[in-house]
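Right, one structure below, let's go through it.
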């Protein structure tokens, strides 16, 4: 009888332990579902009990968890569990201190989770301070969202905007600067292009590695959190396509990226290709995207013929710094029929419906390095032949300037590809409302038209 009673008590005790563990796991699962992200930085204020709740928050995701509690004994217990799990100082960080002052930099947390143990202890203002714009704070049943401050600029095109003027209009980048984050990858192959919008950095890395530490990122596209450096996703890029051109545009929720076959619309959150835009053979020499710009939900592009394909070059040399210069494949721009970025068709496409609104076709090849756009006009240059202006709204040719004095001043394209001049693939034409500017590695002198 006694043995039977003891057996029942043991079974009951085990059931209670299992039930308690399940409740704790359920709490972590509930809170993770509330956060709604798998990658990023999460600040957790307070802990429900001295258990493995913080460790459970790291299950089945790639989150970096920062915990702040105002109880040293509770913090030490949580650190012990995190150490056993191999997470402390790697993905799980536990600090002590009053919740009136949170030990994180401004604009760094993607989410803030205030547990029941910490409700009422952390001011909303302090929670909003550490949240990055668009980040969410979960305070009990209440949710706060940090707004995007007015005056923040975005780098939506490779040279900031369609005019190719790399001058930011940001109203917050002023005065004292400090490091926001140091993230991966620390080494990039060449060439490399970056655009930024919606709190995301899109970084495309090309086909040439000069040191072995760059091989990992050959022909790779990364999406990086612009506030804390978290790599949100990565995807391979098509080998053989020279990406150093104006065919990347970042929007609030997507990346538009033109290549040798289409303009791919890549979802900013998932990295999946949401849709793609292809050019009809009837209006173009080919499917290749040479240049792109976007304004007022209209996508503008120079499209055309297939180009010389570049070879992926891995490196075996170790070390840091220094790279050689050379006239790599295609960089001599010998033949406009196959050179990087040369095309004869300019198109305007509705961003939402993908309908072609107009197209302009020229007999001569236009150089994508010499294409730019202001509010009302698209300027195109055909080397040594003419400078032209197309009306942005209609595609009508407004003028074509073949004046020899202008063409001689602009002069022919130099070879570049030298440490003094720079890369031959760099754009050399910019504009504003009144003038067109020629300057770049291929130019002997600056010309204003």
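The values are calculated or read from the model by the stated rules, or taken from the named source; none is laboratory data. Here the structure is a predicted model, which means the values were calculated and not measured. Methodologically, a virtual Cβ is constructed for each residue, glycine included, from the backbone with ideal geometry; neighbour enumeration extends over all protein chains shown.
Check 123, 147, 162 and return the single one that is under 30 Å from residue 290 (Cα atoms) and either free of Cβ contacts under 8 Å to residues at least 60 places away in the same chain or surrounded by 16 or more Cβ atoms within 10 Å (Cβ to Cβ) (or both).
Working: 123 fails: under 30 Å from residue 290 (Cα atoms); 147 fails: under 30 Å from residue 290 (Cα atoms).
None of the others qualify; the one that does is 162.
Only one residue in 394, 353 is part of a loop (DSSP other than H, G, I, E, B) and touching a strand residue (DSSP E or B) at 6+ places or on another chain (Cβ under 7 Å). Which one?
Values: 353 fails: touching a strand residue (DSSP E or B) at 6+ places or on another chain (Cβ under 7 Å).
Being part of a loop (DSSP other than H, G, I, E, B) and touching a strand residue (DSSP E or B) at 6+ places or on another chain (Cβ under 7 Å) holds for just one of 394, 353, which is 394.
Look at residue 118 and say whether it is within 17 Å of residue 105 (Cα to Cα), in contact with a strand residue (DSSP E or B) (Cβ under 7 Å, 6 or more places away or on another chain) and assigned by TED's automatic domain parsing to the domain that holds residue 71. Before the answer, list the steps.
On the way: within 17 Å of residue 105 (Cα to Cα): no; in contact with a strand residue (DSSP E or B) (Cβ under 7 Å, 6 or more places away or on another chain): yes; assigned by TED's automatic domain parsing to the domain that holds residue 71: yes.
In short, no.
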Revision key, fill the gap. A careful count of residues in the stretch 105-120 that are touching a residue at least 12 places away in the same chain (Cβ under 8 Å) and either farther than 20 Å from residue 230 by Cβ or surrounded by fewer than 20 Cβ atoms within 10 Å (Cβ to Cβ) (or both) gives 9
Practice item. Identify all residues within the stretch 33-77 that are farther than 30 Å from residue 233 by Cβ, in a helix (DSSP H, G or I) and in contact with a strand residue (DSSP E or B) (Cβ under 6 Å, 6 or more places away or on another chain); write none if there are none. Key: 72, 75
Review point. Only one of these conditions is not met by residue 363: (1) modelled with pLDDT of 95 or more; (2) surrounded by fewer than 13 Cβ atoms within 10 Å (Cβ to Cβ); (3) within 28 Å of the chain's Cα centre (by Cα). Which number is it?
Key: (3)
Practice item. Please give the number of the condition residue 185 fails out of (1) touching a helix residue (DSSP H, G or I) at 6+ places or on another chain (Cβ under 8 Å); (2) more than 17 Å from residue 425 (Cα to Cα); (3) modelled with pLDDT of 95 or more. Key: (3)
Study note, to complete from the structure: The correct count of residues that are within 16 Å of residue 198 (Cα to Cα), in contact (Cβ under 8 Å) with a residue 24 or more places away in the chain and surrounded by 21 or more Cβ atoms within 10 Å (Cβ to Cβ) in the stretch 240-256 is 5
Review point. Within the stretch 422-436, can you find the residues that are farther than 18 Å from residue 332 by Cβ and within 24 Å of the chain's Cα centre (by Cα)?
Key: 430
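Scan the stretch 331-350 residue by residue and report those that are outside any loop (DSSP other than H, G, I, E, B) and within 25 Å of the chain's Cα centre (by Cα).
Narrowing the stretch 331-350 to residues outside any loop (DSSP other than H, G, I, E, B): 342-350.
Passing the criteria: 348, 349, 350.
Can you tell which of 309, 290 is over 18 Å from residue 355 (Cα atoms), touching a helix residue (DSSP H, G or I) at 6+ places or on another chain (Cβ under 7 Å) and at pLDDT 95 or above? If you could, list the steps in order and put the result at the bottom.
Values: 309 fails: touching a helix residue (DSSP H, G or I) at 6+ places or on another chain (Cβ under 7 Å).
Answer to the check: 290.
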Study note, to complete from the structure: Condition set in contact with a strand residue (DSSP E or B) (Cβ under 6 Å, 6 or more places away or on another chain) and surrounded by 14 or more Cβ atoms within 10 Å (Cβ to Cβ), scope the stretch 429-444, selection farthest from residue 373 (Cα to Cα): answer is 441
Review point. Scanning for something over 15 Å from the mean Cα position of the chain (by Cα), modelled with pLDDT under 95 and not assigned by TED's automatic domain parsing to the domain that holds residue 64, does the stretch 245-260 turn up at least one residue?
Key: no
Check your understanding: Only one of these conditions is not met by residue 326: (1) modelled with pLDDT of 95 or more; (2) farther than 18 Å from residue 205 by Cα. Which number is it?
Key -> (1)
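Would you please name the residue that is surrounded by the fewest Cβ atoms within 10 Å (Cβ to Cβ), looking only at residues in the stretch 367-383 that are assigned to a strand (DSSP E or B) and free of Cβ contacts under 8 Å to residues at least 60 places away in the same chain? Working first, answer last.
Just the residues of the stretch 367-383 that are assigned to a strand (DSSP E or B), to begin with: 367, 371-373, 377-382.
When the remaining residues are screened for being free of Cβ contacts under 8 Å to residues at least 60 places away in the same chain, the result is 367, 377, 379, 381-382.
On the way: 367: 25, 377: 17, 379: 21, 381: 24, 382: 21.
Only one residue fits best here, namely 377.
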Check your understanding: Could you list, in sequence order, the residues of the stretch 223-253 that are under 16 Å from residue 295 (Cβ atoms) and assigned to a strand (DSSP E or B)?
Key -> 248, 249, 250
